Amino acid sequence: MTDQFAVVTVTYSSGDYLKSFLDTLAHATEADPRVVIADNGSDDGAPEAAERDYPRVTLLHTGANLGYGGAINRAVALVDPAVEFIVVANPDVAWGPGSLDDLLAAAGRWPRAGALGPLIREPDGSVYPSARQVPRLVSGTGHALLGAVWKNNPFTRAYLDEDNDAERPVGWLSGSCLLLRRAAFDAIDGFDEGYFMFMEDVDLGDRLARAGWQNIFVPTAEVLHTKGHAASKNPELMLPAHHRSAYKFQADRNPGALRAPLRWGLRAGLALRSRVAVRLARRELDRAAAQGGNQ
């Protein structure tokens, strides 16, 4: 009998988070799904331990750091095409009780759902805005320029779409935890591997919608994203990567010679914003380190 769903995750020295991921998975569903770990070059032994200690785990060594989307695509390729749903999640997710079964039940209510995502909580219990609207050129630029200095601006309010109570269609869902209908994922050829990190989930949700599928937010399903945001710890690498992905997303949707000046302006503006963002983030980290040393 073919499983209804399989779980795939990507590791890169994820440590103890991977064990928590697998242990809490047992409480997320009454099923016993296969788990495929795509490892992008861990040196901590955690993926090998998982394959040894958990009977339903399969470890795939990708052979290089392919990024998130590329590694997910490799893992999904190992799953029987007859499996109806693929769960894609970061290894630093801890599953809430019944969360996967809640997502599967919602998939039955939304037959055109290509992706379904849970409510995601931060380690402090706050809700992460995981269900958002797609950033178009004007709205995305408005959010990028104003979000840090005027948090309640209309562009950011519309983009974050912070209704955490209603099960509803949204523009895109956080790639940290998704239930994907395999037919929809295959129809759009999975993740765009041109994104090494950041924005691959925005791109996926937008392409699903363009292909006639829905992205559904399911707040009755809850997970905890335990690790936090790496961008705040290594801004010199993470913030420029985020801005490069933001440029690719908008450039892909504004092709052609007539829009070349627009793309040039966008590239220059994002490069400037990236430099400013890195400088501010580094200043905050240095201030925090100094305060910690003085305590």
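The values are calculated or read from the model by the stated rules, or taken from the named source; none is laboratory data. Bear in mind the structure is a predicted one, so any value in this text is a computation, not a measurement. Because the Cβ atoms are built from the backbone with ideal geometry, glycine has one as well, and the counts that use them run over all protein chains shown.
Any residue in segment 176-190 that's closer than 13 Å to A211 by Cα: show its pairings with residues that are surrounded by fewer than 17 Cβ atoms within 10 Å (Cβ to Cβ) and not charged (D, E, K, R) at Cβ separation under 7 Å, as long as the two are six or more apart or on different chains.
Qualifying pairs under 7 Å: A187/A211; I188/A211.
Across segment 47-68, which residue is surrounded by the most Cβ atoms within 10 Å (Cβ to Cβ) among those that are in contact with an Asp or Glu (Cβ under 8 Å, 6 or more places away or on another chain) and at pLDDT below 95? Outline the logic, then answer.
Narrowing segment 47-68 to residues in contact with an Asp or Glu (Cβ under 8 Å, 6 or more places away or on another chain): 47, 56-62, 66-68.
After this cut, where a residue has to be at pLDDT below 95 as well, the list is 66-68.
Values: L66: 19, G67: 22, Y68: 25.
Within segment 47-68, the match that is surrounded by the most Cβ atoms within 10 Å (Cβ to Cβ) is Y68.
Tally up the residues in segment 184-197 that are outside any loop (DSSP other than H, G, I, E, B) and closer than 16 Å to V8 by Cβ, please. Steps first, answer last, please.
Initial filter on segment 184-197 (outside any loop (DSSP other than H, G, I, E, B)): 184-187.
Cutting the leftovers down to closer than 16 Å to V8 by Cβ gives us 184-186.
Qualifying residue count, segment 184-197: 3.
Evaluate the following for D53: is it of a type in the set (D, E), out of contact with any helix residue (DSSP H, G or I) (no Cβ under 9 Å at 6 or more places or on another chain) and in the same structural domain as P123 (by TED's automatic domain parsing)?
no
Touching a residue at least 12 places away in the same chain (Cβ under 8 Å) and under 19 Å from K19 (Cα atoms): does that describe V83? Don't jump to the end; show me each part of the working.
Values: touching a residue at least 12 places away in the same chain (Cβ under 8 Å): yes; under 19 Å from K19 (Cα atoms): no.
It is false that V83 is touching a residue at least 12 places away in the same chain (Cβ under 8 Å) and under 19 Å from K19 (Cα atoms).
For residues that are of a type in the set (K, R) and in a helix (DSSP H, G or I), scanning just segment 234-259, find the one that is surrounded by the fewest Cβ atoms within 10 Å (Cβ to Cβ).
Step one: of segment 234-259, the residues of a type in the set (K, R) are 244, 248, 253, 259.
Right, trim to in a helix (DSSP H, G or I) and you get 244, 248, 259.
Numbers: R244: 19, K248: 18, R259: 15.
So, considering only residues that are of a type in the set (K, R) and in a helix (DSSP H, G or I), the one surrounded by the fewest Cβ atoms within 10 Å (Cβ to Cβ) is R259.
Name the one entry in D53, D43, D39 that is over 22 Å from D203 (Cβ atoms), under 18 Å from the mean Cα position of the chain (by Cα) and of a type outside the set (S, T, N, Q).
On the way: D53 fails: under 18 Å from the mean Cα position of the chain (by Cα); D43 fails: under 18 Å from the mean Cα position of the chain (by Cα).
Of D53, D43, D39, the one residue that is over 22 Å from D203 (Cβ atoms), under 18 Å from the mean Cα position of the chain (by Cα) and of a type outside the set (S, T, N, Q) is D39.
Does G63 satisfy the condition of being within 27 Å of A241 (Cα to Cα) and part of a loop (DSSP other than H, G, I, E, B)?
Numbers: within 27 Å of A241 (Cα to Cα): yes; part of a loop (DSSP other than H, G, I, E, B): yes.
Answer is yes for this residue.
Is there a residue in segment 6-13 that is modelled with pLDDT of 95 or more and more than 19 Å from V83 (Cβ to Cβ)?
The answer is yes; a qualifying residue exists.
Residue check: is L270 closer than 20 Å to P235 by Cβ and touching a residue at least 60 places away in the same chain (Cβ under 8 Å)? Spell out how you get there, then give the answer.
Working: closer than 20 Å to P235 by Cβ: yes; touching a residue at least 60 places away in the same chain (Cβ under 8 Å): yes.
Yes: the conditions hold for L270.
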